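**Student:** One structure is given below, represented as structure tokens, and several questions about it will come after.
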Amino acid sequence: MNIHIEEAVEGFRRNAGRYVRSERYYEGNHDLAFATDKFRNAFGSLFREFALNLCPAVCEAVRDKLRVVGFSLDDAGRAPRGDAVKEQVRRIWNANRMRIRAGEVHKEALICGDAYMIVWPDSAGNAVMYPNRAASCVVTYDDEVPGKILRAAKYWRDADKRIRLNLFYPDRIEKYVSKRDSSRFDVQSSKSMEADLTTLNLELEALNSDPVVPNPYGVVPVFHFANNAGIGAFGRSELEAAMPIQDGLNKSMLDMLVAMEYSAFRQRWAAGIEIEVDNDGKVVPPFSAGVDHLWISQNADASFGDFATANLEQFLKIKDSFRGDIASVTGTPQHYFMQNQMRNTASGEALRKAETRFLAKVRDRQEVFGQIWADAMQFALAIEGKGDGVQLITDWEDPAPMSDKEFLENILLKKQIGLPVEQALIEAGYGEADVKSMVKSLVE
């Protein structure tokens, strides 16, 4: 087998487990990690489908702040044809529906730690952008040049249930296909690659048609979105630190539900009554508990009472503590998990202070992902013969925009310290003609 195929297979096998686990937790399919065997046997089936799932909030909080609004040319890339280049970039972006699909790429990277984009021309020579799941691709970085991708691979099943594997190089793309199908195995399983290539002992062979496709662009056409990664390394899921705490939160919730089921209802007691025994020597319950049942005894010395209900307040405190822990380890503001805290952070300025660490994380992701988006779009321009000497910068929506009121108050403060009226009106969004008209009317 090609050594690079073996390298790719090992990469798929190494990453599959953590991808599947992150996806499971995001979807709410959690493990009862801290439950005892006795608890599992007694309540496992009862609570199998239950989870107070905070994992989506951790990822969606970041994703909601990652919105690409366009691309601009840096100073070195400015040219008389700059407007034409930006129009070309906008056309490619919109033609590939990236306003929607970019969010899907960000979501995949935040959940799994990695996401991929393959860019390649279609039959008409137009650049096409193909978002790919983390489990479908793997890349190999150059140890001598950190951050440079030497080669990449993509794995999937075609309509005939046969394994397809493409190897991407700077000068070519090699295509392979399995000799037999692998329909018995789930492509989403963490063991699917091992099952496909080990259990079935499949051998890949070169594709009959176009086994090698030339790559004239000199760049591996696979772009790796690595979330919170080191140099030349794979990314880390936003859920990595939250998952153990999510298990603890689930345990606290399940304990509370058990307490509600078995302790919240007042347990009644009776004393001074005669206990009957059946023919087998078993005690016959003298009364049946229920809201529609009345306990009566002919014994004048009999007494009745009930025990106090279980106090669930402590369970609620523990639940909120776990919420705070998830917020702490992930950098997510606590009011994303506990809405009642919004009362203490109602103003925009207070919210920004509470979100300082979170916004720093968002801006870090914008820097990292923005460079990959710029590289992908520059490659797309090169495919269409428009990217010579162009350096793009990804423009993002402001993750912490000021409200109109705050914006105007800020301008008024600037005016109080000497900002000219004309400049204040321009910063407020008025055009030069409107500014001149308003200033003239003020003078008159």
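No value in this document is a laboratory result; all are computed from the given coordinates. No experiment lies behind these values; they were computed from the predicted model shown. No Cβ is skipped: glycine too gets one built from the backbone with ideal geometry, and neighbour counts run over all protein chains shown.
**Student:** Please sort 276-282, 137-143, 394-400 by packing, taking for each peptide the average over its residues of neighbouring beta carbons within 10 angstrom, highest first.
**Tutor:** On the way: 276-282: 7.4, 137-143: 18.1, 394-400: 15.9.
Descending mean neighbour count gives 137-143, 394-400, 276-282.
**Student:** Just order 147-154, 236-243, 109-116, 305-312 by mean Cβ neighbour count inside 10 Å, highest at the front, would you?
**Tutor:** Ranking the peptides 147-154, 236-243, 109-116, 305-312 by packing returns 109-116, 236-243, 147-154, 305-312.
**Student:** Here is a follow-up. Using unit Cβ charges (K, R positive; D, E negative) and no other charged atoms, how large, in debye to the nearest 20, is the dipole of the range 266-308 about its Cα centre?
**Tutor:** Working: 3 positive and 7 negative charges, 42 e Å.
Dipole about the Cα centre, nearest 20: 200 debye.
**Student:** Let me ask something else. How many angstrom separate the Cα center of the range 144-177 from the Cα center of the range 80-113?
**Tutor:** If you average the Cα positions of each part, the centres end up 23 Å apart.
**Student:** Moving on. How much length is gained if the chain between Gln371 and Leu52 is pulled fully straight, taking 0.36 nm per residue apart and subtracting their Cα-Cα distance, in nm to one decimal? Could you put the intermediate results ahead of the total?
**Tutor:** On the way: separation 319, 0.36 × 319 = 114.84 nm, distance 3.58 nm.
Here the answer is 111.3 nm.
**Student:** Then there's this: Hey, what did the range 266-308 get for relative contact order, percent, Cα under 8 Å, at least 6 apart? Present the calculation step by step, with values, prior to reporting the outcome.
**Tutor:** Numbers: 42 pairs, mean separation 26.5, N = 43.
Once normalised by length, the contact order is 62 percent.
**Student:** Separate question: Report the gain in length on full extension from Gln423 to Asn29: 0.36 nm times residue separation, minus Cα-Cα distance, nm rounded to one decimal.
**Tutor:** Working: separation 394, 0.36 × 394 = 141.84 nm, distance 5.57 nm.
Contour length minus the Cα-Cα distance gives 136.3 nm.
**Student:** Once amide H atoms are built 1.01 Å from N in the peptide plane, which residues 5 or more positions from Val128, or in another chain, come under 5 Å H to H?
**Tutor:** Those qualifying (amide H under 5 Å, at least 5 residues apart or on another chain) are Trp120, Asp122.
**Student:** How much length is gained if the chain between Gln298 and Val212 is pulled fully straight, taking 0.36 nm per residue apart and subtracting their Cα-Cα distance, in nm to one decimal?
**Tutor:** 21.4 nm
**Student:** Counting every Cα pair in the range 266-308, what percent are over 16 Å apart? Working shown, then result.
**Tutor:** Working: 406 of 903 pairs.
In whole percent, the long-distance tail amounts to 45.
**Student:** Using the Kirkwood radius built from alpha carbon pairs, what does the Stokes-Einstein equation give as D for the range 228-285 at 20 °C and 1.002 mPa s, in µm² per second? Let's see the in-between values first.
**Tutor:** Values: Rh = 17.1 Å.
Value of D from the Cα-based Kirkwood radius: 126 µm²/s.
**Student:** Another question, then. Under 22 Å Cα-Cα from Lys386, which lysines qualify once same-chain neighbours fewer than 8 residues away are excluded?
**Tutor:** List returned: Lys86.
**Student:** Given H placed 1.01 Å from N in the peptide plane, which residues other than close sequence neighbours of Asp395 have an amide H under 5 Å from its amide H?
**Tutor:** Close amide H contacts, sequence-distant or interchain: Val69, Gly70, Phe71, Ser72.
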